[in-house]
Amino acid sequence: MGNVSTNRLAGISMVQNSELETTKKKRPADNSGEPMQKKPAKHLTRIFSSSYLILILLFVYLPIVYLVLFSFNSGKSPSSFDGFSMRWYEALFRDRTMLESIYVTLIVAVISTVVSTVVGTVAAIGLSKAKRLIRTVVLEVNNLPVLNPDIVTAIGLMLLFMSIKIQPGMLTLILSHISFCIPFVILSVMPKLRQLDDNVAEAALDLGATPFKALTRVIIPQIAPAILTGALLAFSMSLDDFVVSYFNAGPGTNTISMYVESMKRYNLSVNAMATLFVVVVALILLLANLVPIIKDKKAQKEEPKNA
Amino acid sequence: MPKKLISALLLICLLCAPLCSLADGTLNVFNYGEYIDDEVIYNFEKEFGVRVNYSLNSNPEEMYTKLQTGVSYDVVVTSDYMIDRLIKEERILPLDKEIVTNLDQLDDSMKGLYFDPDNTYSAPYLWQNVVLCYDTTKIAPAKVEEKGWEILLDPELDGHAFIYDSPRDVFMMAFKALGYSMNTDNPDELQEAYDWLVKMKQTIHPSFVTDEMIDGMAQGEKWIAMMYSGDAAYASMENEKLAVWAPTQGTNIAIDCMFIPSNATNPEMANQFINYVLDYDNSMMITLETCYTSPNAKVLEDVTAPGGEFDGVEGYLPRMGYEKDEIYQYVKLLQAETPELLIKVQMQ
């Protein structure tokens, strides 16, 4: 074990060294190779690259803007805007089937995210300390559901639940979502664990921490960003899954994707719902970015006083 | 940290609580999407003190798969030929005639369908036929009325047609155009129908879609569509240029019925629900919301009478008592072969 980890560490440090060397070598060349005549060309590439970026952003965000705009349409059509109204929001909050399917979708997404994040993280930590053979075998098995088409997972799970005679419903829905979320959590946590310095955890143990404390105070804080990534991935996977949900949901457990699939006529309440999702996500992003800045400013203000 | 975890788990349990508590006094209804007026469900809940778990379905084959997985529904709405199949497979509970008394409000043509002559197992929910819905500014009505299904072989319509992406309906059209029964079990006729469809595909290159065509026709995306009369009625109410025509070669009368699967957990309430839906007021609300034809004789009379909601709406009232029109039966050959053949047609 010790050998393996030191070898790996050595490998990482070698990589870092070689990277450093190449950047060092490049720098002087870059500085010298920047005569005045070349500036217009550079200007052009900058314009080109920024317009390319703008095009990509438009391509990604225009559909969302379009969708939000039409959620306020006073007509029924998803393609001709008749005027501003909130009727589709009203319709959304009156449509119980739709509200329930949003509710089911969110509950399933939250529970399966929490469970699969915990299980996936623990599994990844365990695997990182496991024997090489076990680790490779388990990781290969873990890759299977990621590469497998959804439909295979869906029907496989359905047959499993049928054979052990569980009535399809909330339980089977959540179990099936957990099963396809875990591999993604493991995949996002594993690389971060590989970068960790084993000595830090060992030092914590030497300094008298219990293994549980070493796990929660030392290892988990270090891999927290990867856990968050895994959780977000799991959440969004669960939120927009259709095939697996369809085959494993029971009576009364429609998810929003199943609701949309069974629609006969296009209903702008779907736009209203999507708009609400966009607003919530945007608010969360805004808060996540603003809170640290505000905290920093507060800390800066307090510092001079303390000094 | 553990405290936070525990509180998080508690929160999740709290959120789940309403879902778990629904377990008793519930009625599981499985119906097509947007095929009911929600008010009917709410009123039923209030009147009978149960909670209706309403699940959505998009076609009979999916419904059949769902039933096979062992899901227990109390009331299911599905199409005629699928009920024929389920009755033959003995997967349906007989209706309790003591509770379902509103069967006598049904229109005579809806009573005693071929698969269930005494309404022992099923009660009609809504019905319709398959029609041509076309834009009168692009295609002359006289031409459509003369040619019927054959108009789909007209090269002028190249790229301007919607065809319903449903194997039985598409083959029905070909059988009718060729003058055969749509419930044939003759492989040669099936082959001829296939050839007809290939010719149609190569001549007009239609878009094979499902429910997208309803909005598509309402917005004038295409000139002609083969669609269900209820959808055509809705589209023609949205778009004045549209006209509806049931070809004289005959078409399909499709009747969606309610039934109680044999593994239902609450059959008594299911009977109550079926009876409730058959009643005049509720039948009226459902037909007004969906634009599909009601099987309730009085409702049918009232909405099509002068001044009624569907007075003069072409396509609302399907052609009745025409000898060339048929109802789907469960024909093994067609059930087995048409899905694959349709894919082959689409790939031509």
| remark: With all protein chains present, chain B has a carbon and sulfur share of its accessible area (1.4 Å probe) in percent of 52 percent
| Can you work out the FRET efficiency for the pair residue A:290 and residue A:215, with r the C-beta to C-beta distance and R0 = 22 Å, to the nearest 0.05? | 0.10
| note | SASA check, residue B:291, accessible area w/ 1.4 Å probe, all protein chains in place, rounded to nearest 10 Å², comes out at 10 Å²
| Just going by the charge dipole of chain B, with Lys and Arg at +1 and Asp and Glu at -1 on Cβ, which of B:68, B:267, B:210 is farthest out on the positive end? | B:68
| task | Kindly report, to the nearest 10 Å², the accessible surface of residue B:38 as traced by a 1.4 Å probe over protein heavy atoms only. | result | 40 Å²
| task | Name the residues whose placed amide hydrogens come within less than 5 Å of the amide hydrogen of residue B:55, ignoring near sequence neighbours (fewer than 5 apart) on the same chain. | result | A:252, B:29, B:30, B:31
| task | For residue B:104, tell me the accessible area in Å² from a 1.4 Å probe, rounded to the nearest 10. | result | 110 Å²
| task | List the trypsin sites (Lys or Arg not before Pro) within the range B:162-247 that fall in a DSSP loop (any state other than H, G, I, E or B) and whose Cβ has at most 14 other Cβ atoms within 10 Å. | result | B:241
| said: Mean-square fluctuation check for chain A, GNM, Cα pairs under 10 Å: which of A:212, A:81, A:180 is largest? | reply: A:212
| remark: Taking A:273, A:86 and ranking on accessible area (1.4 Å, protein atoms only), highest first, one gets A:86, A:273
| said: Using the basic label-point model (7 angstrom from Cα toward the beta carbon), what is the residue A:90 to residue B:202 distance in nanometres? | reply: 5.5 nm
| If you place +1 on the Cβ of every Lys and Arg, -1 on the Cβ of every Asp and Glu, and leave all else neutral, what size is the dipole of chain A about its Cα centre, to the nearest 20 Debye? | 660 debye
| So what is the relative contact order of the range A:96-268, in percent, for Cα pairs below 8 Å that sit 6 or more residues apart? | 42 percent
| said: How many angstrom lie between the Cα centre of the range B:156-207 and the Cα centre of the range A:60-121? | reply: 38 Å
| In degrees from 0 to 90, rounded to the nearest 10, what is the angle of the helix B:167-178 Cα long axis to the longest principal axis of chain B? | 30 degrees
| query | So how strong a dipole does the range A:96-268 carry about its Cα centre when Lys and Arg Cβ are +1 and Asp and Glu Cβ are -1, to the nearest 20 debye? | reply | 140 debye
| said: Give me the residues in the range A:37-77 whose solvent-accessible area, probe 1.4 Å, is reduced by at least 50 Å² once all protein chains are included instead of the chain isolated. | reply: A:76
| query | Which value in nm describes the separation of the simple spin-label points at residue A:146 and residue B:289, placed 7 Å from the Cα toward the beta carbon? | reply | 4.5 nm
| message | Given Cβ point charges of +1 (Lys, Arg) and -1 (Asp, Glu) and nothing else, what value in debye, to the nearest 20, does the dipole of the protein assembly as shown about its Cα centre take? | response | 5300 debye
| field | Residue with peak Gaussian network fluctuation, chain A [Cα springs, cutoff 10 Å], from A:250, A:75, A:83 | value | A:83
| task | Note down the nm distance, to one decimal, between modelled labels 7 Å out along Cα→Cβ at residue B:248 and at residue B:212. | result | 3.5 nm
| query | Among B:322, B:125, B:194, which one moves the most in a GNM of chain B with springs linking Cα atoms closer than 10 Å? | reply | B:322
| Tell me, what is the per residue accessible area of the range B:160-266 in Å², probe radius 1.4 Å? | 32 Å²
| field | Residue (of A:78, B:114, B:139) at the positive-pole extreme of the protein assembly as shown, dipole from beta-carbon charges | value | A:78
| task | State the antiparallel share, in %, of DSSP beta bridges confined to the protein assembly as shown, rounding to the nearest 5. | result | 60 percent
| remark: Carbon plus sulfur, as percent of the 1.4 Å-probe accessible area of the range A:183-307, comes to 68 percent
| request: Round to the nearest 0.05 the FRET efficiency obtained for residue B:186 and residue A:171 when R0 = 45 Å and r is the Cβ-Cβ distance. | output: 0.40
| field | Heavy-atom accessible area ranking, 1.4 Å probe, most first, across A:66, B:134 | value | A:66, B:134
| query | residue B:333 to residue A:206: FRET efficiency via 1/(1 + (r/R0)^6), r the Cβ-Cβ distance, R0 56 Å, to the nearest 0.05? | reply | 0.15
| Residue (of A:294, A:190, A:98) at the positive-pole extreme of chain A, dipole from beta-carbon charges | A:294
| field | Which listed pairs, of B:147/B:199; A:165/B:332; B:201/B:332; B:97/B:298; B:147/B:176, have C-alpha distances above 19 Å, in listed order | value | A:165/B:332; B:201/B:332; B:97/B:298
| task | Can you pull out the buried accessible area for chains A and B, both sides counted, probe 1.4 Å, rounded to the nearest 100 Å²? | result | 3300 Å²
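The values are calculated or read from the model by the stated rules, or taken from the named source; none is laboratory data. Values in this document were obtained by computation on a predicted structure and should not be read as measured data. Please note: Cβ atoms are built from the backbone with ideal geometry, for glycine as well, and neighbour counts cover all protein chains shown. Keep in mind that these areas ignore ligands, DNA and RNA; they rest on the heavy atoms of the full protein, side chains included. Shrake-Rupley method; radii C 1.70, N 1.55, O 1.52, S 1.80 Å.
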